[in-house]
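Report on the following structure.
The values are calculated or read from the model by the stated rules, or taken from the named source; none is laboratory data. What you see is a predicted model, and the numbers here were worked out from it, not measured in a lab. Virtual Cβ from ideal backbone geometry, glycine too; neighbours counted across all protein chains shown. Note: areas computed on protein heavy atoms with side chains; ligands, DNA, RNA excluded. Shrake-Rupley method; radii C 1.70, N 1.55, O 1.52, S 1.80 Å.
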Protein chains: 2
Amino acid sequence: MNYPNGQQKVTTNHVVQKQDNRMFSNRGMSLEDDINATNEFYLETNQAVIHKKPTPVQIVNVHYPKRSAAVITEAYFKQASTTDYNGIYKGKYIDFEAKETKNKTSFPLANIHEHQINHMQKVIDQQGICFMLIRFTAHDETYLLDAKALLTFWNLKQDGGKKSIPYDMIRNQSQLIPFHYQKRVDYLAAVDKLYF
Amino acid sequence: MNYPNGQQKVTTNHVVQKQDNRMFSNRGMSLEDDINATNEFYLETNQAVIHKKPTPVQIVNVHYPKRSAAVITEAYFKQASTTDYNGIYKGKYIDFEAKETKNKTSFPLANIHEHQINHMQKVIDQQGICFMLIRFTAHDETYLLDAKALLTFWNLKQDGGKKSIPYDMIRNQSQLIPFHYQKRVDYLAAVDKLYF
């Protein structure tokens, strides 16, 4: 299914998850699928309670057939007003957004919306743990960039600076996320290093 | 619009919100609308960052007309796997569900799903602040019931006990939520008393 932002959406079901456990590389799985599988592992092993928020949809028409489930027959995608993931880890509030880029040399800031930046600022003000997971698909690498660093780049852009964050700068200022068999994007390992 | 659980859903838009600010009683507004307005006030005044999660929907078909927005033409309501609201307050993770009942003498536990109970248990295990807001529309009263107390009632029910929580017990074991002009369900006042 193609979503309006052009990303390919792979429906995660149990069969798909069983298959991807047999793979030894991230290649081919979307960042979202990897994060969802990782969150499920964190949940089952009582490490953290972190979920992806449902896709926000404006429902316009619903049909109620007799003797079967209600069908939404007209609805529209809404822009999310927050980040995609949040939850709790070791008593702390965790909040993050995740983005992939095919770009090899930089992460384009156009991938992020201003209301997401505003939300991140508010989470920081409330002393939450806030960051962005960035995957460079060409390098098969996923990084955790602290929201404060992201906000610095964003503000520089607003002041006429670069429209993207150079790959080398992300390598220097972010935590590389380790890949594990069951924790495909083991971002809590990076969270432990950075925030605890 | 009628949702499959039989609740009336009022679409919140700016005009509706302006109108409800002129009212002096909770009567007539849904608990969800009141909480959303309160959360917006908390957000604007930098007291907390708490949002309602979008309604989970399984999208089956999307139509992409030329030169206009994508239209979802077939989708179904999914059961939520967590509670409806979460966020951060004074550095603490907050997680809650909200339910209204027309029942005058008790709150029927059938209003809650087992996966929501499981989610609440997991949030408690991670040291999060977790509760349920219960509105008795007949009494025009809204209570904050701590999740641990709710779990006790739930477990008694599972062991063959009462299928509902008596109103008097909720009055004794819960915090009554004060009503304010701009904070229609000022639940953080109750959170302050109970958890800080």
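Would you check if there is a residue in segment A:137-154 being of a type outside the set (K, R) and within 14 Å of chain B (Cβ to nearest Cβ)? Yes, the conditions are met somewhere in segment A:137-154.
The residues in segment A:102-127 that are touching a Phe, Trp or Tyr at 6+ places or on another chain (Cβ under 9 Å), at negative phi and facing chain B (nearest Cβ under 7 Å) can be counted, and the count is 2. Close contacts from segment A:174-196, counting a first residue that is among the aromatic types (F, W, Y) and a second that is surrounded by fewer than 16 Cβ atoms within 10 Å (Cβ to Cβ), with Cβ to Cβ under 8 Å and a gap of 6+ residues or different chains, come to A:F179/A:S25; A:Y181/A:N21; A:Y181/A:F24; A:F196/A:K90.
Take segment B:129-177 and flag every residue that is in a helix (DSSP H, G or I) and of a type in the set (S, T, Y).
Going through segment B:129-177, the residues in a helix (DSSP H, G or I) turn out to be B:147-158, B:167-173.
The answer is B:T152, B:Y167.
When the residues of segment B:111-124 are filtered to those that are out of contact with any strand residue (DSSP E or B) (no Cβ under 8 Å at 6 or more places or on another chain) and not in a loop (DSSP other than H, G, I, E, B), the one that is least open to solvent (accessible area, probe 1.4 Å) is B:I117. Of the residues making up segment A:66-101, those that are at the interface with chain B (Cβ under 7 Å from one of its Cβ atoms), part of a loop (DSSP other than H, G, I, E, B) and either β-branched (V, I, T) or open to solvent by less than 20 Å² (accessible area, probe 1.4 Å) (or both) are A:A70, A:T82, A:G91.
Note on segment A:158-173: residues that are crowded, with 16+ Cβ neighbours inside 10 Å, in contact (Cβ under 8 Å) with a residue 24 or more places away in the chain and of a type outside the set (F, W, Y) total 3.
Do we have A:P56 as open to solvent by less than 70 Å² (accessible area, probe 1.4 Å) and more than 9 Å from chain B (Cβ to nearest Cβ) here? For A:P56, the condition - open to solvent by less than 70 Å² (accessible area, probe 1.4 Å) and more than 9 Å from chain B (Cβ to nearest Cβ) - is not met.
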